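Everything on this sheet refers to the single structure shown next.
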Amino acid sequence: MKNKFHILHFEDFFHPDAGYQVNTLSLAQAREGYKVTIVTSELLHIPRFLTDFFGVENIQERDSLFTHRTGVNIVRYPLFGFYSGRAIFKFGIFDLVKKLNPSVLFLHGNDTFMGIMFLLRLKLFDFPFVLDNHMLEMASKNKFNKIFRFFYRKIITPIILKNNIPVIRLVNSDYVDKCLGIPLNKTTLINFGTDLEHFCSNAVLRNIARQKYNILDDEFVILSVGKLDESKGGMFLAKSVKHKISVNNHKKITFLVVGNSTIDDYGSLVEAIFTESENRVIRLKTQSYLDLVTIYQASDLALFPKQCSMSFFEAQACMLPVLLEDNEINSQRVCANNGFLFAQDDTTDLRRMIVKLASYNDIQYNELKISSRKYIERKFNFSDIIKIYNTCILDAYKKYKANK
């Protein structure tokens, strides 16, 4: 059945070099023998804050390389534009999806503009839908969010519930219930996951990586991976590391900052502050998903100034404890002796926590490293998680066919 079963992922924004959910999920499904297609936007009208991170140069060749490596087909479709974080596809997108004739349509983002448009046209499609949701209430800041939520609860949620469309939650939050009116017991919580074979601690790679970047044995390397924009805390990070951070055990604090800055005054100022830092700051451009493992090996601690990314899981798989801002989700993520929190927007507290962690002796810190890896092995092993995804998708298909 697998080689005939066609999973179509519909995603507003997709980049073949990223390590986002749709990248890793589609790759794993293709490895298991499913036919997998990603329908996504052309990048012409995608905001620069998204495209600047990985770049859009030679995107067709990069798409083709992704397809060659993974077996996942990528179909790009033009946009009218991108408004309020939502892609608006040009006319004909629904006919395209029909023509591709998937066994199941996986709509990433049940509350995106296109997700809503597909749900309003549900009866026009001869295949089942599966939805997911990545949103947190604290990230839903649009000034029209009250109007939107009222519309969604009254019009869209009844369609989802009446047709028993699966909704997968990617974060352990009550957003879909509280804001969209979808009861939590009608959803499935599936955590993000990590390829534990690829992302793991490797002493040989560590020595090679630290030699490559001229990192000495007495340097305590704090890694930050991700966009250096406002949402990821680029300016907050730069200001936090501007002044010298000293540790009593004579370790030298070094920051390994990986990711492109925004191409504007904000990004220029962030880079200027890094350049002026009294600490050693190693700056690297954005790295491809599969190449990040070497970067993790060179480091001792993973720091996330604001929002976390998939690097949160990959870093810990490589035995890096994490340091996160204190919020409703992160407080749940450091419950296994795998990391610590610092007060939001508080550079003083962040620096205090860096000194605390760098001051641990080898035995204490090794316990944190082991706990970090075990935390990912126990809860975020992607080989286990992909089975849950596929079960949800196959169940939706079987129920749809049974009710035809």
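The values are calculated or read from the model by the stated rules, or taken from the named source; none is laboratory data. Fair warning: this is a prediction, and the values are worked out from it, not measured in the lab. Positions of Cβ are generated from backbone atoms using ideal geometry, with glycine treated the same way; all protein chains shown enter the neighbour counts.
Within segment 268-298, being of a type in the set (Gly, Ala, Ser) and either within 23 Å of residue 351 (Cβ to Cβ) or surrounded by 18 or more Cβ atoms within 10 Å (Cβ to Cβ) (or both) holds for 272, 277, 298. For segment 188-245, name all the residues that are in a strand (DSSP E or B) and charged (D, E, K, R). Correct list: 219 only. Can you pull out every residue in segment 231-241 that is under 20 Å from residue 312 (Cβ atoms) and either touching a residue at least 60 places away in the same chain (Cβ under 8 Å) or in contact with a helix residue (DSSP H, G or I) (Cβ under 6 Å, 6 or more places away or on another chain) (or both)? Scanning segment 231-241 gives 231, 232, 233, 234, 236, 237, 240. Scanning segment 354-369 for residues that are within 25 Å of the chain's Cα centre (by Cα) and without any contact (Cβ under 8 Å) to a residue 60 or more places away in the chain returns a single hit, 368.
Among the residues of segment 111-133, none is identified as without any contact (Cβ under 8 Å) to a residue 60 or more places away in the chain, within 25 Å of residue 44 (Cα to Cα) and outside any helix (DSSP H, G or I).
Yes/no per residue for (1) touching a helix residue (DSSP H, G or I) at 6+ places or on another chain (Cβ under 9 Å); (2) modelled with pLDDT of 95 or more; (3) outside the structural domain of residue 257 (by TED's automatic domain parsing):
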residue: 296; (1), (2), (3): yes, yes, no
residue: 302; (1), (2), (3): yes, yes, no
residue: 313; (1), (2), (3): yes, no, no
residue: 318; (1), (2), (3): yes, yes, no
residue: 331; (1), (2), (3): no, no, no
residue: 336; (1), (2), (3): yes, no, no
residue: 351; (1), (2), (3): yes, yes, no
residue: 354; (1), (2), (3): yes, yes, no
residue: 368; (1), (2), (3): yes, yes, no
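Across segment 64-93, the number of residues qualifying as loosely packed, with under 13 Cβ neighbours inside 10 Å and not in a loop (DSSP other than H, G, I, E, B) comes to 4. Residues of segment 309-335 that are free of Cβ contacts under 8 Å to residues at least 40 places away in the same chain, part of a loop (DSSP other than H, G, I, E, B) and either of a type in the set (A, V, I, L, M) or within 13 Å of residue 225 (Cβ to Cβ) (or both): 334 alone.
For segment 18-32, the count of residues that are outside any helix (DSSP H, G or I), within 22 Å of residue 128 (Cα to Cα) and modelled with pLDDT under 95 is at least one. Residue pairs whose Cβ atoms lie under 6 Å apart, sitting 6 or more positions apart in sequence or on different chains, and linking a residue in segment 79-95 that is touching a residue at least 24 places away in the same chain (Cβ under 8 Å) to a partner that is small (Gly, Ala, Ser), are 79/41; 79/87; 87/41; 88/81.
Looking only at residues in segment 337-351 that are within 23 Å of the chain's Cα centre (by Cα) and without any contact (Cβ under 8 Å) to a residue 60 or more places away in the chain, the one that is nearest to residue 375 (Cα to Cα) is 338. Residues that are surrounded by fewer than 15 Cβ atoms within 10 Å (Cβ to Cβ) and within 18 Å of residue 114 (Cα to Cα) within segment 27-57 comprise 44, 47, listed in sequence order. Close contacts from segment 163-176, counting a first residue that is among the small types (Gly, Ala, Ser) and a second that is not in a helix (DSSP H, G or I), with Cβ to Cβ under 8 Å and a gap of 6+ residues or different chains, come to 173/135; 173/136; 173/328; 173/329. Candidates in segment 122-147 are the residues that are at pLDDT 90 or above and of a type in the set (Phe, Trp, Tyr); of these, the one that is nearest to residue 166 (Cα to Cα) is 129. When residue 273 is tested against (1) in a helix (DSSP H, G or I); (2) touching a strand residue (DSSP E or B) at 6+ places or on another chain (Cβ under 7 Å); (3) more than 16 Å from residue 201 (Cβ to Cβ), exactly one condition is not met: (2).
Restricting 222, 208, 160 to residues that are assigned by TED's automatic domain parsing to the domain that holds residue 272, at pLDDT 90 or above and surrounded by 21 or more Cβ atoms within 10 Å (Cβ to Cβ) narrows the list to 222.
Any idea which residue in segment 175-205 is surrounded by the fewest Cβ atoms within 10 Å (Cβ to Cβ), counting only those that are among the charged types (D, E, K, R) and closer than 19 Å to residue 313 by Cβ? The residue in question is 197. Determine whether residue 180 is touching an Asp or Glu at 6+ places or on another chain (Cβ under 8 Å), assigned to a loop (DSSP other than H, G, I, E, B) and in contact (Cβ under 8 Å) with a residue 60 or more places away in the chain. Answer is yes for this residue.
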